[in-house]
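Quick note: the coordinates plus some simple rules give every number you see, no bench work behind them. Since this is a predicted model, take the numbers as computed values, not measurements. No Cβ is skipped: glycine too gets one built from the backbone with ideal geometry, and neighbour counts run over all protein chains shown.
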Amino acid sequence: MSDVLSLIVAKYNYWLYVILMMIGLYGMIAKNNLVKKIVGMNIFQTAIILFYVSVGYKRDATIPILANAHDAHGATAIHAADYINPLTSCLMLTAIVVSVATFGYAMALAVRIYQRYQTLEEDELRMRLSEE
Amino acid sequence: MRFFAFIVVCLTGALLLYGTGEFPDWGDPNSPASLHLSNYYIENALNDTGAPNFVTAVVADYRGFDTMFETAVIFCGGLACFLLLRDFREKKDHYYRHIPTGVILHVKDSQKPLTIGKEFGYMDKDWVPPDLIIKTVCRILIPFIQIYAMYVVAHGDYSPGGGFQGGVIFGSSLILLAISYDLKTLVKRVKERVLGIFAAAGVLLYAGIAALCMLMGGNFLDYSKLAPLVPWNSHHNIRAIGMLGVEIGVGIAVMAVMLIIYINIVSEGRHDEGL
C-alpha cells in the first residue's frame, strides 16, 4: 500500500494531467452540447500543456531566465541544473497559440451552426439535418 | 451513451496511468527531457543570442521558423473567423433611446439613421444602463493594462514575456473596453479595417525582418546580419534586437486577431451589438 502511495506522490503530476485529460475526453464524447464539447477539447489541450510543463521541471531549479546577466562580471559559469528546461515551455507556447486559434475557429463554427439551425444540441441538430 | 463514454474514459485513463510507471519522477534533474538539447540552450543562449531569457531565445531565434508559422496560424484563425461570420447586411430596424425622457424609439425601414449624440443614444436588446463604477474603474485601468502589455513585449528578452503574451494582454484590455461600455464604443475607436491591416502587418513585419536578414547577406532569420542597421548599438546583442522586432510583429498580430475573433463572435459578424 505504501509502495503505491509513494509511487503516486513521486509522479503526481502525471496523475493530475491524466485526470484533467480524461475530464476533457469525457466532455468531448458524452456531452450533447457543442459548446460543452469545445470546452472539453480546451481542457484536453490544457492537460497536455500541463504535462509538458511539468516534465520540464527540475528540483531546486529556477525559472529559465539567466540570473545576474547584466552584472559587471556577468555570468561566468552557467550550470544547466540550476534552470528548468526551457524547451518544454517553448513548445507549449506553440500549443497555447494553436489552441487559441482552434478555439476561436470552433466558436465561430458553433455560432454559424446556431444561426442556421437555432440549436447547439447534437440530437436536435441530427433531427434537423435528417429533415432537410 | 454516457455509460459507454465513462467506460472508454476510464480505460484510456488507466492505460495512460499504467504508462506513467516508466516515466521519470517529478522534478528529476536527470530526466531524459532535460539531458540532451535543453542543456545546450541554457549554457549557450546568452552567448549565441544576447538574450538572458532562454525561452524567448529559443522561441524567437533558435526556433524562429516555427514561431513565424505560428504567427501565420494565429492570422489564419482570425481570417477563418472573419470569413465564417462577417455579415455586411445592414439591419432594417433600429432602436434608439431618447436620453432626456428615456423613451425608446423603434425605427423601421429607415434609410437615414438618427444621429447619435446628446439627444439620442443607441439601444439594443441587450442594453443595460451603464454602471458608473464599472465604467470608471475600467476607464482608469485600461491605459495601465496597455502600458503593461507594451512592457511585456519590450522586455520579452530579459524577463518573462514576449510577443504573444503582450499581444494577448493588449487585446484583452480592448475587450475589457467592449465589455464595460458596449461593443459600439470599441468598434468606433478601433476600426475593422485597422484590425485587418494590423493582423497582416504583424505577420509581414516578422517575415520582413527575416527577409531583411537575407538581403543583408545572411540566411533567412539570421539576425546577426542586421548589425549595420543599428550602428549605435554597442552591446553586441544584435540578435536580441532582431528578436525584439520580431516579437513586436507577433504582438501586433496577436492583438488584432484577438479582437477580430472577439468582435465577430459576440456580434455574430454584424459588428453592431453584442456583449
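Quick notes
- A dipole drawn for the range B:12-150 from +1 and -1 charges on Cβ atoms has a positive end, and of B:GLN146, B:GLY13, B:ILE99 the residue lying farthest that way is B:ILE99.
- Normalised by residue count, the protein assembly as shown yields a Cα convex hull volume of 215 Å³ per residue.
- Exercise: per-residue mean of other protein chain Cβ atoms within 10 Å, B:159-169: 2
- For the range A:1-114, a crude dipole built from +1 on the beta carbon of Lys and Arg and -1 on the beta carbon of Asp and Glu, taken about the Cα centre, is about 640 debye to the nearest 20.
- Remark: for residue pairs B:LYS118/B:LYS191; B:LYS108/B:LYS188; B:LYS91/B:LYS188, the C-alpha separation exceeds 20 Å in B:LYS118/B:LYS191; B:LYS108/B:LYS188.
- Paramagnetic reach from A:GLU131 in the range A:77-113 [backbone N under 17 Å; point 7 Å along Cα→Cβ]: A:113
- Computed [θ] at 222 nm, helices only, for the protein assembly as shown once each DSSP H run of length n ≥ 4 contributes -39500 (n - 2.57): -21000 deg cm²/dmol
- With Cα atoms, 0 to 90° folded angle of helix B:238-266 axis to chain B main axis: 30
- Fraction of antiparallel bridges per DSSP, the protein assembly as shown only, in percent to nearest 5: 90
- Dipole size of chain B about its Cα centre, with +1 on Lys/Arg Cβ and -1 on Asp/Glu Cβ: approximately 1300 debye, rounded to the nearest 20.
- For the range B:26-115, the Kirkwood hydrodynamic radius from C-alpha pairs, put into Stokes-Einstein at 10 °C and a viscosity of 1.306 mPa s, yields a diffusion coefficient of 83 µm² per second.
- Principal axis extents of the C-alpha atoms in the range A:12-59 (largest first, rounded to whole Å): 43, 14, 8.
- Cα-based Kirkwood hydrodynamic radius, the range B:116-220, one decimal, Å: 16.5
- Cα→Cβ-extended label distance, 7 Å offset, between A:GLN115 and B:ALA227, nm: 5.4
- Over chain A, volume per residue of the alpha carbon convex hull, in Å³: 125
- Each principal axis of the Cα cloud of chain B was taken in turn, and the coordinate range along them, longest first, works out to 71, 65, 36 Å.
- Once the Cα atoms are used to define both axes, helix B:64-85 deviates from the longest principal axis of chain B by about 20 degrees.
- With eigenvalues of the C-alpha gyration tensor scaled by 5 and rooted, the range B:193-275, Å: 36, 12, 8
- Relative to the longest principal axis of the Cα atoms of chain A, helix A:86-117 runs at roughly 10 degrees.
- Charges were assigned to the Cβ only: +1 to each Lys and Arg, -1 to each Asp and Glu. The resulting dipole of the protein assembly as shown about its Cα centre is roughly 1340 debye.
- Paramagnetic reach from B:THR136 in the range B:163-204 [backbone N under 19 Å; point 7 Å along Cα→Cβ]: B:177, B:180-182
- Chain lengthening between B:ILE145 and B:LEU114 when straightened (0.36 nm per residue, less Cα-Cα): 7.7 nm
- Theoretical FRET efficiency, 1/(1+(r/R0)^6), r = Cβ-Cβ of B:LEU84 and B:TYR40, R0 41 Å, to 0.05: 0.45
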